[in-house]
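A.B. asks: Starting off with a structure, shown below.
Values quoted throughout were computed directly from the atomic coordinates according to the rules given, and no laboratory measurement underlies them. The shown structure was predicted, so the numbers you read here are calculated from the model rather than taken from an experiment. Because the Cβ atoms are built from the backbone with ideal geometry, glycine has one as well, and the counts that use them run over all protein chains shown.
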Amino acid sequence: MAKAAKNTAAPTEGQPATVSDNLELTYGDWKTDAQALGWPAGTPISKPLAYVIANGFKQSMTDASAMTKEQKAKALSDAQAANPGVEISEAQAVEAKAHEQRTKRFADILAGNVGVGGGGPKLPQIERVMREIAEEQIRAAVVAKGLAMPKGENLKSLVEKRLSVAGDAIRTAGQARIDAAKSAVDDLGIDLS
């Protein structure tokens with residue numbers, strides 16, 4: 001768990017309280033501090049910012065080990081393949097994989113290789129809109145049948161299937177949606193470029 005140092009400075013008029021010592025960040029076996037991440041030594045950290053930093057560290061480490069049902073099954077099969085004849089439970093395999101993923105994330109955090117915001121390159125606008133439409137269609141079908149909305153890789157797989165079945169119609173609907181949005185911007189009479 002990430003925690004702030006115990007010594008804090010009282011807030012001055014209109015300013016938040018600060019953490020006067022360095023901010024310690026801890027998550028299980030992984031420990032670091034704000035200075036190791038580039039925060040200047042001797043510079044106080046406001047309590048609100050300390051919270052955001054500590055919470056962000058904890059959430060990033062938690063996210064690093066999140067796995068779908070399929071990924072957990074793969075972790076088990078990989079562990080069994082790597083250790084023939086050894087009895088390995090899914091819980092053991094998942095914990096080992098989670099530890100591996102957290103270790104990599106921790107190294108990436110220290111190296112500054114963890115990005116902020118959306119990861120990876122953006123899809124072209126038409127493809128993003130097509131995916132939105134396919135997901136809307138899936139959501140409508142799921143609601144109509146009273147089922148739980150799929151998430152993660154399951155949803156991504158369903159979107160891909162929907163696009164493979166109705167891609168042309170979805171592309172036409174997507175282009176119409178883009179054109180309508182551009183027309184609405186044009187109607188505003190202002191240049192947004």
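A.B. asks: If R0 is 25 Å, what FRET efficiency do you get for residue 145 and residue 70 from their C-beta distance, rounded to 0.05?
C.D. replies: Taking R0 as 25 Å, the efficiency between residue 145 and residue 70 is 0.65.
A.B. asks: Now for a separate question. Over segment 125-188, consider all pairs of different Cα atoms and compute the Kirkwood hydrodynamic radius from their mean reciprocal separation; express it in Å, one decimal.
C.D. replies: One over the average 1/r among Cα pairs gives 12.6 Å for segment 125-188.
A.B. asks: Okay, moving on. Suppose each label sits 7 Å from its Cα in the direction of the beta carbon; what would the residue 181-residue 156 distance come out to in nanometres?
C.D. replies: Computed distance between label sites residue 181 and residue 156 equals 2.2 nm.
A.B. asks: Within straight cross-link reach of residue 74, meaning Cα distance under 15 Å, which aspartates and glutamates are found once same-chain residues fewer than 8 apart are removed?
C.D. replies: The qualifying aspartates and glutamates are 90, 95, 100, 153.
A.B. asks: I've got another one for you. Structure shown: which of 47/151; 69/97; 104/161 lie over 25 Å apart, alpha-carbon to alpha-carbon?
C.D. replies: As for pairs spanning more than 25 Å Cα to Cα, those are 47/151; 104/161.
A.B. asks: So for the pair residue 100, residue 78, with labels modelled 7 Å out along Cα→Cβ, what separation do we get in nm?
C.D. replies: Inter-label distance under the simple model: 0.4 nm.
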